[in-house]
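Encoded as structure tokens, the structure appears first; notes follow it.
The values are calculated or read from the model by the stated rules, or taken from the named source; none is laboratory data. Being a predicted model, the structure only gives us computed values, none of them experimental. Glycine gets a Cβ as well: all are built from the backbone with ideal geometry, and neighbour counts include every protein chain shown. Please note that ligands, DNA and RNA were not included when accessible areas were found on the heavy atoms of the full protein model with its side chains. Shrake-Rupley method; radii C 1.70, N 1.55, O 1.52, S 1.80 Å.
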Amino acid sequence: MMDKSKVDYSLYLVTDSTMLPPGATLVSQVNSALENGVTLVQLREKETDTKTFIEEALKVQELCRQHNVPLIINDRVDVALAIDADGVHVGQDDMPIAMVRKLLGPDKIIGWSVGYEHEVQELAAMGPQYVDYVGLGMIFPTETKKNAKKSPMGPRGVSKLLDAMQASNATWCRTVGIGGLHPNNISRVLYQVCSEDGKRSLDGIAVVSDIMASTEAGEAAKRLRSIIDARSYYFVDGMDSEICLFSWWLQERIKSTKQNSPLIHHITNKVHQNFGANVALALGCSPIMSEVEPEFTELSNMPHATLLLNTGSVAPLETLVSAVRAYNEAKRPIVFDPVGFSATSVRLQLNRHLLEEGQFACIKGNAGEILSLADMNVGKMRGVDSGHTGSDISILVAATKIVAFRYRCVAVCTGQVDVVANGLNFGQFNLSTGSDSNPSQLPARIVEAGNIPVMGKITASGCSLGTTIACLIGGITVEEDIFGGVLLAVLMYKSAGYTASLKCKGSGSFQAHLIDALDNMLTENDPSTWFAKTSSI
Ligand SMILES: Cc1nc(C(=O)O)sc1CCOP(=O)(O)O
Ligand SMILES: C=C1C=NC(C(F)(F)F)=NC1=N
Ligand SMILES: [Mg+2]
């Protein structure tokens, strides 16, 4: 008798005979998949007559038995009973869960499709005797599910459903993500999806077309298996972030920036472009401003290329998305500056969509933007300058840590005191058990250099911190320390701002002095002379 508590949900194949490639059969695809690491199978045949369905089910059941993998039947409780399958998966419009449990008895597996928080409440209300696992989806757009009523929820949407499961104590219930899952997004989903308390992540992922439509189903399964077993997302740091506070470490990083002269690809607003280019040049880097989509792949594969994506730009969403994909594919870091994050609903949609589309090394914003990203923003944001200087530092620290945690990045909240939080989790993820920490436990530092009022009076001052961050993380090999690179950039930029504010005659000459200061700091490379100080928080 199968032990329900021992089921491995990590790689869940859901079948579909309508997409088989020439020469393949349902049985051949399932067999190849079982031989290459699939741990659970669901027979989901929406258009098959019952007689054929049962014939297929018996064949698939035999294959599953040989590999000691449970077989779940989608929707057809009668067929599941007829062949004594290991369980049933039902959707929201199928037979009610209580009836399914009554028919199947306590030892069979029952799976339920869940896409909304109210469905999680229903699940929790039923208690642990009913639903054993839920399929959370759809995560990304998919052609496989006909007339899908749900819209893609993205990794953030899945994390919110895990939050709802934690909040309602549905901790017995296992979870798999489903919908548009493929090798180019699975490690990102497993890396990003986590409940905010850090206690639970997906138990596995479910795929249909990646295997069923594949001409090499075994290879497809093997590839998915290795991605899941890697337990890491591919480009973030593996170093202890404290090391980056030693002067010699800072000097080494600046030396490598000068040597590597990274390509800093700006997709940014018109106001920032000129100043950003000059800041990049002052930092020994080579700026390029391009919204020409056909060149993104080439640019992202140039040595040390780094993308600065500032959504004050007017480029269409698809252009921004293809830039994010290009740099994620090339395993090169992206600095994301969600300008005016929720100032208008258009910007909010655009920024939220970008956050679902890719992985960012660093997300930088002012207090208003960071508070919005952390869902802590009270009231509407004003324009891009909304500084919320009134928010006391502990609130800003909490918000910055939440953003770092949710998006698994280094989050920077700029202001009189800058906050830098490290949510990278060393690029690691666990199945089922969540993250090694919750937001409040993330390493974070503040950077201050006294008050620099003139900094807020020039435009693109915040944007050009984005450029500085891109320069300093572009210069290091990303296996080193993204958090350290970001912290170094914030230290340099705030110090340069302070120096410039002492020398300038007003906001006009401030910009020139700021660039002078960065230029000199790079040349002298003596962190002991920098004004800005950092402390952990
Ligand atoms: C069967 C199914 N259920 C979904 C849900 O959102 O509940 S999405 C889906 C189809 C997933 O197919 P593919 O892996 O080919 O994208
Ligand atoms: C509609 C579905 C949603 N989720 C799942 C699974 F991933 F297996 F849980 N299977 C389905 N058939
Ligand atoms: Mg900004």
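Assuming R0 = 22 Å, what is the FRET efficiency of GLU329 and GLU216, from their Cβ-Cβ distance, to the nearest 0.05? Walk me through the numbers before you get to the answer.
Working: r = 21 Å, r/R0 = 0.95.
Once rounded, the FRET efficiency stands at 0.55.
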Charges at C-beta only: +1 for Lys and Arg, -1 for Asp and Glu. How large is the resulting dipole of region 416-537 about its Cα centre, in Debye rounded to 20?
540 debye
As a test of reading the structure, rank HIS272, HIS513 by solvent-accessible area (1.4 Å probe, protein chains only), most first.
HIS513, HIS272
For region 395-400, take each phi angle, set θ = phi - 60°, evaluate the Karplus expression 6.51 cos²θ - 1.76 cosθ + 1.60, and give the result in whole Hz per residue in order, putting x for glycine and proline.
5, 5, 5, 4, 5, 5
Sparse-neighbourhood loop sites, GluC sites (Glu not before Pro) in region 1-60 - DSSP loop, at most 12 other Cβ within 10 angstrom
GLU47
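For ILE227, ILE395, ILE473, write out the residues from largest to smallest accessible area, computed with a 1.4 angstrom probe and no ligands counted. Before the final figure, lay out each step's value.
Values: ILE227 30, ILE395 75, ILE473 0 Å².
The most accessible residue leads, giving ILE395, ILE227, ILE473.
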Greater than 32 Å apart at Cα, pairs in LYS145/LYS401; LYS102/LYS150; LYS331/LYS503; LYS222/LYS364; LYS270/LYS494:
LYS145/LYS401; LYS331/LYS503; LYS222/LYS364
Could you please report the charge total around LYS503, scoring K, R as +1 and D, E as -1 over all other residues with beta-carbon less than 14 angstrom from its beta-carbon?
-1
Keeping all protein chains in place, calculate the accessible area per residue for the chain (probe 1.4 angstrom), answer in Å².
39 Å²
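Placing +1 at every Lys and Arg Cβ and -1 at every Asp and Glu Cβ, with all other atoms neutral, what dipole size does region 158-214 have around its Cα centre, in debye to the nearest 20?
20 debye
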Treating only the Cβ of Lys, Arg, Asp and Glu as charged (+1, +1, -1, -1), what charge dipole size does the chain show about its Cα centre? Round to the nearest 20 debye.
1040 debye
Run the 1.4 Å probe and let me know the accessible area of ASP3, rounded to the nearest 10 Å².
70 Å²
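Leaving out ligands, DNA and RNA, what percent of the accessible area of region 248-536 is carbon and sulfur, probe 1.4 Å? Before the final figure, lay out the partial values.
Values: 5640 of 10310 Å².
Roughly 55 percent, rounded to a whole number.
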Can you tell me which lysines have their Cα less than 26 Å from the Cα of LYS149? Leave out same-chain residues fewer than eight positions away.
LYS46, LYS160
Positive dipole terminus of the chain, leading residue within PRO128, ILE243, GLY177 (C-beta point charges):
ILE243
